[in-house]
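A.B. asks: Sharing a structure, written as structure tokens. Questions coming.
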Amino acid sequence: MQRLRNSFMLRVLAAVSTWCITGVTQAQTYPYKPVRIVTSEVGGGADFQARLIANGISSALGQQVIIENRGGGVFPGDAVAKASPDGYTFLYSGSAHWLLPFMRDNVPYDPVKDFAPVTLPVRAPNLLVVHPSVPAQSVKELIALAKAKPGVLNYGSGAPGSSSHIAPELFKSLAGVDIVRVPYKGTGPAINDLLGGQLQMMFSNASSVMPHVKTGRVRALGVSSMQPSALAPGVPTVSVGLPGFESVSNLGIFAPARTPAAVIRRINQEVVRYLTTEDAKERMLKAGVETVASTPEHLAAVVQSEMERMGKVIRSVGIRAD
């Protein structure tokens, strides 16, 4: 009997030893299989950016980095929240990921508790533009005009809860003005009506409207970030005329909650390394976004700040996402 017990214990110790060695080896050789980045629909801005990053880090990781498109809304976040926290599934998503719970009932994940931040790779400030017929040469003059003519000026926006919708509502709140929203299915048709004079103003991504600013078809009054942007050279910030205003489309890379810290550090390191190259910065600028390449802590702070600031705007206006 004693001999049997000793034999059993030896087998147990051997199994535990093998498991420990395998675990250590896998941790040291991460990643040992392809890495998956889940994002929104094919052809969108997030999809393009995610593919640039995937191509930029795959060689350093020694593994293929696969982009998996899951459409819009809650689908990408839901897929990643339910994925194994083993370091092989990540989410690439914009601010809709952490603002959707303010605009939709029954979102199937908690944007804070169910995810671990990795990095804020890029951001896209909006440009406040007006039709040339609007007699305002600055943000201060636009605010004065809106106060003198409440309910007369209108702005175009895309989908409910998009940056082109939330930014002007934040503008209204901080400036204390009454401007009227004209909703569109997308920003493209809204820009066309702005060019035609059917709309007076709009917040739009710089890459879409800067060509029209250069030709004089619209006038740029301010960029929505707190600092001037390389995407809109020479354009002052909106905050110069409206202190405290900031509305930027931030993008984030997240892992499922409980993903090992060592994995988070490795992915952060490789993404930051790629995004700080001149080639990556140039490619991202051409795509209409600025590189940030932050720490996980910075992304967490941005998410928290936006949920507090923009959450108040969304609730006060009653914005509901489709």
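A.B. asks: Number of Lys pairs in the chain with C-alpha atoms less than 30 angstrom apart, excluding same-chain neighbours closer than eight positions?
C.D. replies: For the chain, the number of qualifying lysine pairs is 27.
A.B. asks: Let me ask something else. Given the rule -39500 (n - 2.57) for each run of at least 4 DSSP H residues, summed and divided by the residues of the chain, what is its mean residue ellipticity at 222 nm, to the nearest 500 deg cm²/dmol? Walk me through the intermediate numbers first.
C.D. replies: On the way: 11 runs with 148 residues, N = 322.
Theoretical 222 nm ellipticity from helices: -14500 deg cm²/dmol.
A.B. asks: Pull up the DSSP beta bridges for the chain and report the antiparallel fraction as a percent, rounded to 5. Show your work: numbers first, answer last.
C.D. replies: Values: 22 of 37 bridges.
Percent antiparallel among DSSP bridges in the chain is about 60.
A.B. asks: Here's a follow-up. What is the mean projected area of the alpha carbon convex hull for the range 124-240, to one decimal in square nanometres?
C.D. replies: Details: hull surface 24.9 nm².
In nm², the orientation-averaged hull projection of the range 124-240 is 6.2.
A.B. asks: Classify the chain as rounded, prolate or oblate from the Cα gyration tensor: take a ≥ b ≥ c as the square roots of its eigenvalues, call it rounded if a/c is under 1.5, otherwise prolate when a/b beats b/c and oblate if not.
C.D. replies: It is prolate, given that a/c is not under 1.5 and a/b is the larger ratio.
A.B. asks: Determine, for PHE102, PHE75, the number of other Cβ atoms within 10 Å of each Cβ, and report the residues in order from fewest to most. Don't skip to the end; give the middle numbers.
C.D. replies: On the way: PHE102 18, PHE75 15.
In increasing order of surrounding Cβ atoms, one gets PHE75, PHE102.
A.B. asks: What are the ³J(HN,Hα) values, in whole Hz, obtained from phi via the Karplus relation 6.51 cos²θ - 1.76 cosθ + 1.60 with θ = phi - 60°, for each residue of the range 228-239 in sequence order, with x given for Gly and Pro?
C.D. replies: x, 10, 5, 6, 9, x, x, 8, x, 7, 4, 5
A.B. asks: For the chain, what are the DSSP H helices with axial Cα length of 20 Å or more and mean Kyte-Doolittle hydropathy of at least -0.5? Present the calculation step by step, with values, prior to reporting the outcome.
C.D. replies: On the way: long enough: 2-28 (39 Å, 0.32); 45-61 (24 Å, 0.54); 261-275 (21 Å, 0.25); 296-317 (31 Å, -0.05).
Qualifying helices: 2-28, 45-61, 261-275, 296-317.
A.B. asks: What ranking of TYR88, TYR155 emerges when the number of other C-beta atoms within 10 Å of each C-beta is taken as an exposure proxy, fewest first? Provide the component values of the computation, followed by the final result.
C.D. replies: Values: TYR88 20, TYR155 24.
Starting with the residue having the fewest Cβ neighbours, the order is TYR88, TYR155.
A.B. asks: Now a separate question. What net charge do the residues around ALA136 carry, taking every other residue with its C-beta under 13 Å from that of ALA136, with Lys and Arg at +1 and Asp and Glu at -1?
C.D. replies: Numbers: positive: LYS140, LYS147, LYS149, ARG219; negative: GLU141.
Computed value for this residue: +3.
A.B. asks: Let me ask something else. Search the structure for amide H atoms under 5 Å from the amide H of SER157, placed 1.01 Å from N in the peptide plane, and list their residues when 5 or more places away or on another chain.
C.D. replies: VAL182, TYR184
A.B. asks: Can you tell me the relative contact order of the chain? Whole percent, Cα pairs under 8 Å, sequence separation 6 or more.
C.D. replies: 25 percent.
Bear in mind these aren't lab numbers, they're just calculated from the coordinates by the rules spelled out. The model shown is predicted, which means the values in this text are computed figures rather than measured ones. Cβ: placed from backbone, ideal geometry, glycine included. Neighbour counts: every protein chain shown.
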